[in-house]
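Take a look at the structure below.
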Amino acid sequence: MPTPRAALFRPLLLSAGLGMLPALAAPCDNVVKPFQVGWVWSYRTVQTTAPADAQAVSAYQVQSRVAEGGYEDVYTAGGKTQGTFRFRCVQGALTVVSLPSVAGVEISRSAVTGVSLPAAADWKPGLSWTQVWTLAGRRGLLSGTAVVSSRSQVLGRESVTVPAGTFTAWKVSIKTVLDAKMGFVPLHQDFPEQTQWYAENVGLVRTEDAKGRTELLRLQK
């Protein structure tokens, strides 16, 4: 099974076309990733693996809306919706529950365990958590299964400067592994380690991996 697409950070698997859902949930109380209808987070991504004069730069925006069982983050670029992450919120802990999208594969079954982000009250240096996706689907005549496991750990707090300003933020490392089988062909992939910085009452302000970085340009409230 091919590698799942990721947007913003690897434990969150991209899903599109969910549409507007009933407003059945209250906002989630997690200052590490605040839920605020009307706020707009603007980001830019720079691919640093290319030469300095050929580095690819892209921009996108994120807005939140209430959804069934929690809330959704809606990603837009150039005025067009690019994808949606739906979150389940339980006592401040967030888990992505959107049906993942895998290029060229029709997903027939998925399940998720663990959390994407723990409740803010639990954050401290050394805190670790996992999220595991179990998937089944088809690509043409071949059926396949996959398990995507992400382990995150809080490394501490530090000052980080991005275009939106300077923040005291939680630094988190993320390691993601894919184990899959399409037909009789097994696949194992260790994704490059990713580092993220979360500022309380702001959210994600910076992401880095071997290919580049994503930074918060501005937060409109």
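Data table
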item: Which listed residue is touching a Ser or Thr at 6+ places or on another chain (Cβ under 8 Å) and open to solvent by 80 Å² or more (accessible area, probe 1.4 Å), from 193, 158, 208; result: 193
item: Single unsatisfied condition, residue 121 versus (1) closer than 22 Å to residue 62 by Cα; (2) open to solvent by 50 Å² or more (accessible area, probe 1.4 Å); result: (1)
item: Any hit, segment 93-100, residues being farther than 30 Å from residue 220 by Cβ and open to solvent by less than 60 Å² (accessible area, probe 1.4 Å); result: no
item: Count of segment 161-175 residues which are in a strand (DSSP E or B) and open to solvent by 50 Å² or more (accessible area, probe 1.4 Å); result: 5
item: Which numbered condition residue 109 fails, given (1) open to solvent by 20 Å² or more (accessible area, probe 1.4 Å); (2) outside any strand (DSSP E or B); result: (2)
item: Of all residues in segment 124-152 being in contact with a strand residue (DSSP E or B) (Cβ under 8 Å, 6 or more places away or on another chain), open to solvent by 60 Å² or more (accessible area, probe 1.4 Å) and without any contact (Cβ under 8 Å) to a residue 40 or more places away in the chain, the one that is nearest to residue 188 (Cα to Cα); result: 134
item: Single residue of segment 115-143 satisfying the filter (among the aromatic types (Phe, Trp, Tyr) and assigned to a strand (DSSP E or B)) that is farthest from residue 203 (Cα to Cα); result: 133
item: Any hit, segment 167-184, residues being under 19 Å from residue 95 (Cα atoms), out of contact with any Leu (no Cβ under 7 Å at 6 or more places or on another chain) and among the polar types (S, T, N, Q); result: yes
item: Matching residues, segment 176-221, being in a strand (DSSP E or B), of a type in the set (S, T, N, Q) and more than 14 Å from the chain's Cα centre (by Cα); result: 189, 220
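For every residue, the table says whether it meets (1) under 22 Å from residue 43 (Cβ atoms); (2) out of contact with any Lys or Arg (no Cβ under 9 Å at 6 or more places or on another chain); (3) not in a strand (DSSP E or B).
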{"residue": "76", "(1), (2), (3)": "yes, yes, no"}
{"residue": "82", "(1), (2), (3)": "yes, yes, no"}
{"residue": "113", "(1), (2), (3)": "no, yes, no"}
{"residue": "147", "(1), (2), (3)": "no, yes, no"}
{"residue": "156", "(1), (2), (3)": "no, no, no"}
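The values are calculated or read from the model by the stated rules, or taken from the named source; none is laboratory data. The shown structure was predicted, so the numbers you read here are calculated from the model rather than taken from an experiment. Note that each Cβ is placed from the backbone with ideal geometry, even for glycine, and that neighbours are counted across all protein chains shown. Heads up: the accessible areas ignore ligands, DNA and RNA and are worked out on the full protein's heavy atoms, side chains in. Shrake-Rupley method; radii C 1.70, N 1.55, O 1.52, S 1.80 Å.
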